[in-house]
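Below is one structure, written out as structure tokens; comments come after it.
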Amino acid sequence: MDLNTCLISMGLTSNEATLYRTLSMHGEMTGYECAKLTGISRSNVYIALAGLSEKGGAFAAGGAVQKYSPTPIKEFCANKRREFETAVNYIVGHMPLPSAPSSAYITINGAVGIIDKMKNMIDACSERVYVSAEAAVLAKVIFELSKVVERGLKVVVMTDQELSLDGAIMYGMTRRDGQIRLIVDSRFVLTGEIAENHPCSCLFSSGETLVSLFKDAMKNEIRLIELGELH
């Protein structure tokens, strides 16, 4: 992730993001000066400056020569946050409800989607969380896990390295196979494999049979770990 990528994710084009960075760095400038500094053609610079102004990233400054001034970054981000929250609230309030229940089994592909699903499952926890994964994966959801602990709920973690998560019940494991097992409230399970730079997928289910199966598997793994520690 870099600054231009983040700016583009906020609705700017690549040229608009580049110009916003340039204006923020150098201050008020003409379109000609922007083109000279960025290497973007003059015709494309004026199109992008107009777009940037429409999206709230720049102001046109008066004077004999047309100049553009950047919107302060905190103001720009605050405006975008309000726009986003307004859109989210509208979607939540107006999205049609499903006419039939969702499938009890769905496949989630890609590391980003898997981590997002883990975060959402943990955030929705109302009773307990059991999770088995490598520390590198858990580091990406450590904030969500810590919030569950702060709420006084039970969090049991099995991982391959020491992890700072005060209040959670921790177990060490030696395997490093990229496998994930996450059970929330004894009702939802996420299982599969996640690895950097490799295709990965996980199965999510609220099916009682699969949840029970993985609950028993994790309990057995914990027993084996405890026996190993005793000996």
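No lab work stands behind these numbers, since they all come straight from the coordinates. Small disclaimer: the values here were computed from a predicted structure and weren't measured. Here the Cβ is made from the backbone with ideal geometry for all residues, glycine too, and neighbour counts use every protein chain on show.
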Working from Cα positions, state the angle (0 to 90°, nearest 10) between the long axis of helix 14-26 and the longest principal axis of the chain.
70 degrees
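If Lys and Arg each add +1 and Asp and Glu each add -1, what is the summed charge of the other residues whose beta carbon sits under 11 Å from the beta carbon of Glu33? Working shown, then result.
Numbers: positive: Lys36, Arg42, Lys67; negative: Glu28.
Once all neighbours under 11 Å are counted, the net charge is +2.
Student exercise: in the chain, how many lysine pairs 8 or more apart or on different chains have Cα atoms under 13 Å apart? Working shown, then result.
Working: Lys55/Lys80; Lys117/Lys140; Lys119/Lys140; Lys119/Lys147.
Going through the chain pair by pair, I get 4.
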Within the under-14-Å Cβ sphere about Asn89, not counting Asn89, Lys/Arg +1 and Asp/Glu -1 give a net charge of 0
Round to the nearest 10 and give me the degree value, 0 to 90, for the angle of helix 73-94's Cα axis relative to the longest principal axis of the chain.
60 degrees
So how far, in whole Å, is the C-alpha centre of the range 68-119 from the one of the range 131-173?
26 Å
Length-normalised contact order of the chain in % [C-alpha pairs under 8 Å, at least 6 apart]
14 percent
Full-extension gain in nm, Asp185 to Phe143, via 0.36 nm per residue minus C-alpha separation:
13.3 nm
Taking N as the residue count of the range 105-230, its alpha carbon Rg divided by 2.2 N^0.38 Å gives 0.98
Principal semi-axes in Å for the chain [√(5λ), Cα gyration tensor, largest first]
48, 20, 16
Could you give the radius of gyration (one decimal) and Dmax (whole number) of the Cα atoms in the range 3-92, in Å?
13.6, 48
Can you give me the angle between helix 111-123 and the longest principal axis of the chain, using Cα atoms only, in degrees from 0 to 90, rounded to the nearest 10?
70 degrees
